[in-house]
Amino acid sequence: MASRYPSVDLSKVKTISIKNRKSKVRLGDFAKPFDPEKGEFRVYINSLPKILVAKDLQEFVGHILISRKRKKPVVLLIGAHVIKVGLSPLIIDLLKNGVVTAVAMNSAAAIHDVECAMWARTSEDVAENLRDGTFGMSRETGDFINRTLSTASKEDGVGYGEALGRELLRRKAPYRKVSVLATCYRLGVPVTVHAAIGTDIVHQQSTMNGAATGELSFRDFKIFCRVVSRLVSGGVVMNWGSAVIMPEVFLKALTVARNLGARAKGFVTANFDMIQHYRPTMNILHRPTINGGKWYHFTGHHEIMVPLLAAMIKLRLR
């Protein structure tokens, strides 16, 4: 029986090449990991006041290092903005140093990650391209992600993040060294992607497979529930720049973990964002730590706060 509601035919959509698309972000602009051997950063950190948020940031870094020393998880949740402002090298550095043990992202972050790894550019001018209907129509991006998900949906248990990371390595993506997805896959670190269908540019192209996208995102949700179940009497959860998707996914994963018997309590959470929104405040900070644990919120631009945090962690790893 056909639907009574008419829809559009995406096969008639006209795409453009990402090579011709004006992109606001290039790899040459990306951040670089801090090297403690090349600067007097410790002097600056020690000069900060031991008051309010400056004190909180020092404490939070301590929680991360204690968690890793005790072999507890350090879980990173990210929104798309974190990737598009050039912070993936810092995440990768934390992954390689064994600091971050799992990464979960919304699907827009995965799009930026793939574009950077394949074509060394991302972040188009939305306002300009929206005027003529070319916004989000870079065919290479849609083809890579949508076809990879369609193929992986035929495999048992392979999730969204795993499929993209694996494919980037299989194709020897020219700039795979700056890919969080490819790095996680190479290191064996769980990386999950959580999609909301209709929110991303790859959903508006004819290669979009709703069944595959939904199935692989659902598989990743179950993988993420397993990650969260390991937050037993310790560990850290950081949310960098996701105002809706990741706070909601984390709350549901936490209740699944507890429902299945995991004593996922007593961990530390933190939210890093330019504005402290309702959902991260409730779903990352307050609700998960009611019965034990501690939370922090740090307000500031990601391109400043994340390098500061990463450098402080590296400094104390020595």
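The values are calculated or read from the model by the stated rules, or taken from the named source; none is laboratory data. Bear in mind that the values here come from a model prediction, so they are computed numbers and not experimental data. Neighbour counts are summed over all protein chains in view; Cβ atoms, including those assigned to glycine, are modelled from backbone coordinates with ideal geometry.
Within the range 26-73, work out how many residues are out of contact with any Lys or Arg (no Cβ under 7 Å at 6 or more places or on another chain), of a type in the set (Lys, Arg) and over 24 Å from residue 237 (Cβ atoms).
Looking only at that region, the number is 4.
Sort through 237, 232, 256 and tell me the only one that's surrounded by 24 or more Cβ atoms within 10 Å (Cβ to Cβ), touching a Phe, Trp or Tyr at 6+ places or on another chain (Cβ under 9 Å) and not basic (Lys, Arg).
Of 237, 232, 256, the one residue that is surrounded by 24 or more Cβ atoms within 10 Å (Cβ to Cβ), touching a Phe, Trp or Tyr at 6+ places or on another chain (Cβ under 9 Å) and not basic (Lys, Arg) is 237.
Given the condition without any contact (Cβ under 8 Å) to a residue 60 or more places away in the chain and within 18 Å of residue 13 (Cβ to Cβ), answer yes or no: does some residue in the range 137-145 qualify?
Scanning the range 137-145, I find at least one residue that is without any contact (Cβ under 8 Å) to a residue 60 or more places away in the chain and within 18 Å of residue 13 (Cβ to Cβ), so the answer is yes.
From the list 95, 90, exactly one residue is touching a Cys at 6+ places or on another chain (Cβ under 7 Å) and within 26 Å of residue 247 (Cα to Cα). Which is it?
So the residue among 95, 90 that is touching a Cys at 6+ places or on another chain (Cβ under 7 Å) and within 26 Å of residue 247 (Cα to Cα) is 95.
Can you tell me how many residues in the range 196-229 are within 22 Å of residue 9 (Cα to Cα), buried (at least 21 other Cβ atoms within 10 Å of the Cβ) and of a type in the set (Gly, Ala, Ser)?
Counting residues in the range 196-229 that are within 22 Å of residue 9 (Cα to Cα), buried (at least 21 other Cβ atoms within 10 Å of the Cβ) and of a type in the set (Gly, Ala, Ser) gives 0.
If the Cβ limit is 7 Å and pairs must be 6+ apart or interchain, which residue in the range 162-179 that is part of a helix (DSSP H, G or I) pairs with which residue that is modelled with pLDDT of 95 or more and polar (S, T, N, Q)?
Once the first residue is part of a helix (DSSP H, G or I) and sits in the range 162-179, its partners that are modelled with pLDDT of 95 or more and polar (S, T, N, Q) give 163/148; 164/148; 167/148; 168/179; 178/88.
Please work out which one of (1) in a helix (DSSP H, G or I); (2) touching a Pro at 6+ places or on another chain (Cβ under 8 Å); (3) not aliphatic (A, V, I, L, M) is the condition residue 258 fails and give its number.
It is condition (2) that residue 258 fails.
Confirm whether residue 237 is assigned to a strand (DSSP E or B) and in contact with a Pro (Cβ under 8 Å, 6 or more places away or on another chain).
yes
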